[in-house]
Amino acid sequence: MRTAERFTMASEAVAYARQGWAVFPLAGKVPAIKGARGCLDATSDVDEVAELWRPRPDAGIGMACGSVSGLGVLDIDVKAPALRTGEDATIDGESALLELEMTYGALPPTLMAVTGTGGRHLFWQMPDGVDVRNGQGLRTPTGIRSGIDVRGTGGYVVLPPS
C-alpha cells in the first residue's frame, strides 16, 4: 500500500503500467499528449509512462482497452434523468444489465470501478485470439442495449483515481 505522502496520479499510472495496462495522460476525459492519437499513444512501458506524466503529474489516467492492455470493459452508464435525452431517456445501463442477467444469468465477479457519473466499469480479460472492438450499445440477440457500451480495441476508459 502506498502512503499518502507518495501518492500522485503519476505514481498510480506507473502502477497500472506495471500490471501491463497501456495508459496515457488525460485532461478530463480527453488525451493530454501533444500531437495525441488518443488511446493509440498508450503504453505499458514503465519508463515511458513516467516520462508522459513528468510534465503533468496530476493528469488523469486513461487506459487503452483491447489487446494492447489485454482487457475489455463493459461501461454501464448511469445518468440522472435530467441528463438523459431522446430515446435513451427511459433506459439506463443498470436496468438494461439487470434485464440481461435475468435472461442469461448473472455476470461472474470481476474487477469493477465506479465512474464519475455513478456508473460502473466492469473489466474483463480479453480472450486469446479474439479482437473485441469498441462500440456503443451492447449488441445482444434481442437487440442493442443502450446504456451498456463495450470498450475494446480502439476505445479507452478513465481509470481511478482520476
* Pairs, please: C-beta under 9 Å, at least 6 apart or cross-chain, first residue acidic (Asp, Glu) and surrounded by fewer than 17 Cβ atoms within 10 Å (Cβ to Cβ) and in region 48-70, second modelled with pLDDT under 95 and in a loop (DSSP other than H, G, I, E, B)? -> Asp58/Thr8
* To do: Could you list all residues from region 132-162 that are among the hydroxyl-bearing types (Ser, Thr, Tyr), part of a strand (DSSP E or B) and at pLDDT below 90?
  => Thr140
* at pLDDT below 90, open to solvent by 80 Å² or more (accessible area, probe 1.4 Å) and within 26 Å of Ile33 (Cβ to Cβ) - does that describe any residue in region 108-117? -> yes
* To do: Output the number of residues of region 118-131 satisfying the condition of being modelled with pLDDT of 90 or more and farther than 22 Å from Thr153 by Cα.
  => 0
* Please go through region 28-47 and pick out each residue that is surrounded by fewer than 19 Cβ atoms within 10 Å (Cβ to Cβ) and touching a residue at least 60 places away in the same chain (Cβ under 8 Å). => Lys29, Gly38
* Looking at this structure, is Pro25 open to solvent by 20 Å² or more (accessible area, probe 1.4 Å) and either over 19 Å from the mean Cα position of the chain (by Cα) or not acidic (Asp, Glu) (or both)? -> no
* To do: Kindly provide the set of residues from region 91-102 that are surrounded by 10 or more Cβ atoms within 10 Å (Cβ to Cβ) and either modelled with pLDDT of 90 or more or in contact with a Lys or Arg (Cβ under 9 Å, 6 or more places away or on another chain) (or both), ordered by number.
  => Ile91, Asp92, Gly93, Glu94, Ala96, Leu97, Leu98, Glu99, Leu100, Glu101
* Pair list, Cβ under 8 Å, 6 or more apart: region 115-127 residue in contact (Cβ under 8 Å) with a residue 60 or more places away in the chain, other residue in a loop (DSSP other than H, G, I, E, B) and open to solvent by less than 30 Å² (accessible area, probe 1.4 Å) -> Met126/Gly70; Met126/Gly152
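The values are calculated or read from the model by the stated rules, or taken from the named source; none is laboratory data. What you see is a predicted model, and the numbers here were worked out from it, not measured in a lab. When we count neighbours, we look across all protein chains shown, and the Cβ atoms used for this are built from the backbone with ideal geometry, even at glycine. For the accessible areas, the whole protein counts, side chains as well, though only heavy atoms, and no ligand, DNA or RNA atoms are used. Shrake-Rupley method; radii C 1.70, N 1.55, O 1.52, S 1.80 Å.
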